[in-house]
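Below you'll find the structure, written out as C-alpha cells, and then a few comments.
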Amino acid sequence: MIVNQGCNERKDQFPHACVRGFTIIEMVIFIVMAGIFVPLAYIAFSSAVKEGATPESITKARFVAEQKMENLTKDIFDNIAITSTSYTAVPGYTGYEWKWTVGYITYSGSPPVISDTGSATNYKKIIVYVKEPKGYEYTVNTIVTKRPT
C-alpha cells in the first residue's frame, strides 16, 4: 500500500484520504503469482485425493486374498501342502484371478533373515496374490510355524 506523503495537513479532516490502495503493478504481480501457485496446489490436491480413495475392486481383491489365506492356514502345519500355482479365475468373482505359493523357509541369523529353502523346516511362508479386473495386484503374506506337540 502506498501512503501519500503530502496529506499530513488533511489528516484531521479526512483520516482515510492518505491511503490510496494497491497499485496496478502490485495487482499484476499478485495475479501472476496466483496463476503459478493455484495450478500447483490443484495438482497436488487432486493426486492426493485420487490416491486416498480405495476403489471397490481393490477392496474386493483384498477380501478375496484374505479369504484364501484363511482357507490355506486353517489346517495344521503338516497338512498345509507345499505348492505354487499359476493365476486362475476366482470362483464367484468375475474378472478376478488368484494364485498362491506355499514353501519352506529358514529363519536365522542376527538380525534374523528369512530365506526360501527346499528342505523341510519348522516354518512355511504363504503368499496369496489376487488381480482385480483392472490389473491391480493385491498380496497377502504370512509365516506359519510348526508348534511343538
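All conditions in (1) free of Cβ contacts under 8 Å to residues at least 24 places away in the same chain; (2) outside any loop (DSSP other than H, G, I, E, B); (3) of a type in the set (Gly, Ala, Ser) hold for ALA65, with the sole exception of (1). Scan segment 68-108 for residues that are in contact (Cβ under 8 Å) with a residue 40 or more places away in the chain, exposed (fewer than 15 other Cβ atoms within 10 Å of the Cβ) and touching an Asp or Glu at 6+ places or on another chain (Cβ under 8 Å) and the total you get is 1.
Elements of the type strands (runs of 3 or more DSSP E) sitting completely within segment 99-149 and holding at least 2 residues that are within 30 Å of PRO55 (Cβ to Cβ): these cover 123-131, 137-145. Among the conditions (1) basic (Lys, Arg); (2) at pLDDT 85 or above; (3) farther than 30 Å from VAL140 by Cβ, ARG20 misses just one, which is (2). Of all residues in segment 103-149, those satisfying the criterion of being out of contact with any Lys or Arg (no Cβ under 7 Å at 6 or more places or on another chain) and among the aromatic types (Phe, Trp, Tyr) are TYR107, TYR123, TYR136.
The values are calculated or read from the model by the stated rules, or taken from the named source; none is laboratory data. Being a predicted model, the structure only gives us computed values, none of them experimental. Glycine gets a Cβ as well: all are built from the backbone with ideal geometry, and neighbour counts include every protein chain shown.
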